[in-house]
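Here the structure is laid out as structure tokens; the discussion comes afterwards.
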Amino acid sequence: MKITVKMIEEARERLGKVVAKTPLQYSKRLSERYGAKIYLKREDLQEVRSFKIRGAYNKMSTLTPEEKKRGVVCASAGNHAQGVALSCSLLKINGVIFMPTITPLQKIDRVKHFGDGFVTIKLVGTTYDDASMASKEYCHEKDMVYVHPFNDPLTVAGQGTIGKEIYEDIDGDLDVVVCAIGGGGLISGVSSYLKQKSAPPAGGRRTKVKVYGAEPMGSPSMVESLKKGKPVKIEKIETFVDGAAVQMPGELTVEICKQNVEDIFLVPEGKICTTMVELYQNEGIIAEPAGALSVSALHFLKDKIKGKTVVCVLSGGNNDILRYPEVMERSLVWQGRKHYFLVEFAQKPGQLRNFLDKAIGPTDDIVRFEYVKRTSKEKGAALVGIELQSKENLQPLLEKMKEIELKFRILTPDDLLYQYLI
């Protein structure tokens, strides 16, 4: 089904005063880095701190009195749940919300807050798709109305109001828009508006805008689906980017992305973490992993955007502060500044001193050291974590360790011990 400009404009009317028209924030830092005019569409400034309220409210506000009486059901990794919860409270509709058990506590608490007594939360499974399956069974059993987070025309049209706002605020001078992709509702809505007739007074003109997607490397369901030309389920996904960790996109969103999206970039989770840290340290923006996805993708788009006007949809800011130690860790690893080693030391005095004096550089920092002496053995292994000032310092460190004839192994993401540490 085609999502028309009219559907999106009608959605904007329904959203009225419920949804904020979020600002486009010019980023001098990013503009200078990439040689372009970079703007951030600040959807993290919505009351629910994400764009999801747009699609949820647009869908629920069109329900008949009989459907509202039956109540609604949805599944969500957190942000759609908050949009549905607030919509339930505003429209006085009872709702049941299924969420994965791994959902950050901060998101669960905010769903309860926005629901204001109108919602019940059920934690099921470890992924969005687990929760989705359980929610659909429950919805069928209880004869309630399902509010899908992305595979619904009304939901997509609601998200499309972001495209309308961007186009009007940039006043037609727009070249590139970058959106995060989980199930594909956001990019489907935004691209549907931008690829069709523009709003008055420039009606009838085709936009020149190119739309790019950003998907977490650990959950590439849209990329794989577009390769096959139909929705494909990824059996095993990385759930760190919880707001975009979807095993299978919808038929509607796959079809729209086929037509409207120029390309999709798979972004490593460590790069996303680095972007989160940079946004916080430079702009004071608290972005969740999925919220930082579009900005992270600029790294891979740099050759395509020079001299262009670019908007990155910063889709959400629901990040639990307790996650920041892991965010910092993943960021340092991705930058090549943090490494873990298993180092074999001879079990005799002076070995650690030799390592510190002859291998560790003046700016290298030992951030982890685990070793237990075993008197029954001549040698013993130590777990050593080292943080470097820059990734270029790794090779000199390795050469010095070889010079003093240390036997060592760098831990990689495939090592079980590495997975325990990160």
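What follows is calculated from the coordinates using simple rules that are stated; it is not laboratory data. This structure is a prediction, so every number in the text was calculated from the model and none was measured. So basically every Cβ, Gly included, is an ideal-geometry build from the backbone, and we count neighbours across all protein chains shown.
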Next on the checklist: Once you place label points 7 Å from the Cα toward the Cβ at Glu67 and Arg368, how far apart are they in nm?
Outcome noted: 5.0 nm
Checklist outcome for this item: Under the helix-only model (-39500 (n - 2.57) for each DSSP H run of 4 or more, divided by the residues of the chain), the mean residue ellipticity at 222 nm, to 500 deg cm²/dmol, is -12500 deg cm²/dmol
Checklist entry - Given segment 336-421, what percent of its DSSP beta bridges are antiparallel, to the nearest 5? => result 100 percent
Checklist outcome for this item: Checked the chain with the C-alpha gyration tensor, a ≥ b ≥ c its square-rooted eigenvalues, rounded below a/c of 1.5, otherwise prolate if a/b is larger than b/c and oblate if not; verdict prolate
Next on the checklist: Just to verify a number: FRET efficiency for Ser390 and Phe300, C-beta to C-beta distance, R0 = 25 Å, to 0.05?
Outcome noted: 0.70
Item to check | Student exercise, segment 336-421 dipole from Lys, Arg, Asp, Glu Cβ charges, in Debye to nearest 20 | outcome: 320 debye
Next on the checklist: Ranking request for peptides 16-28, 44-56, 360-372, 87-99: highest mean number of other beta-carbon atoms within 10 Å first, then the rest in descending order.
Outcome noted: 44-56, 87-99, 16-28, 360-372
Next on the checklist: Placing +1 on the Cβ of each Lys and Arg and -1 on the Cβ of each Asp and Glu in segment 117-171, which of Gly117, Tyr146, Ala157 has its Cα farthest towards the positive end of the resulting dipole?
Outcome noted: Gly117
Next on the checklist: Quick check on segment 52-146: take the gyration tensor over C-alpha atoms, sort the square-rooted eigenvalues as a ≥ b ≥ c, and tell me if it's rounded (a/c under 1.5), prolate or oblate.
Outcome noted: oblate
Item to check | Size of electric dipole in the chain: Cβ of Lys, Arg +1 and of Asp, Glu -1, about Cα centre, debye, nearest 20 | outcome: 480 debye
Item to check | Check: segment 254-392 dipole with +1 on Lys, Arg Cβ and -1 on Asp, Glu Cβ, in debye | outcome: 580 debye
Checklist entry - Relative contact order of the chain: what whole-number percent is it, with Cα pairs under 8 angstrom and at least 6 residues apart? => result 15 percent
Checklist entry - Do you know the relative contact order of segment 336-421, to the nearest whole percent, from alpha carbon pairs under 8 angstrom that are 6+ apart? => result 43 percent
Checklist outcome for this item: In this structure, the FRET efficiency calculated for Arg409 and Thr101 from their beta-carbon separation, with R0 = 30 Å, to the nearest 0.05, is 0.30
Next on the checklist: As I understand it, the dipole of the chain uses +1 on the Cβ of Lys and Arg and -1 on the Cβ of Asp and Glu, about the Cα centre. Which of Phe345, Leu194, Met133 lies farthest toward its positive end?
Outcome noted: Leu194
Next on the checklist: Can you say what percent of the DSSP beta bridges in the chain, counting only those with both residues inside, are antiparallel? Round to 5.
Outcome noted: 45 percent
Item to check | Packing-based exposure ordering (other Cβ within 10 Å, fewest first) of Asp242, Asp143 | outcome: Asp143, Asp242
Checklist outcome for this item: When the charge dipole of segment 336-421 is computed with +1 at the Cβ of Lys and Arg and -1 at the Cβ of Asp and Glu, the Cα pointing farthest to the positive end, of Gln419, Gly336, Phe369, is that of Phe369
Checklist entry - For segment 85-241, what is the convex hull (Cα atoms) projected area averaged across all directions, in square nanometres? => result 11.3 nm²
Checklist entry - Can you sort Met217, Met401 by how many other beta carbons sit within 10 Å, fewest first? => result Met217, Met401
Item to check | Sorted by Cβ neighbour density within 10 Å, fewest at the top, the residues Thr239, Thr62 | outcome: Thr62, Thr239
Checklist entry - Can you give the relative contact order of segment 199-303 as a percent, counting alpha carbon pairs under 8 Å and 6+ residues apart? => result 29 percent
Next on the checklist: So if each residue of separation counts as 0.36 nm, and I subtract the Cα-Cα distance between Asp169 and Lys400, what length gain in nm does that give?
Outcome noted: 77.5 nm
Next on the checklist: Classify segment 336-421 from the C-alpha gyration tensor, please: rounded if a/c falls under 1.5, else prolate or oblate depending on whether a/b exceeds b/c.
Outcome noted: oblate
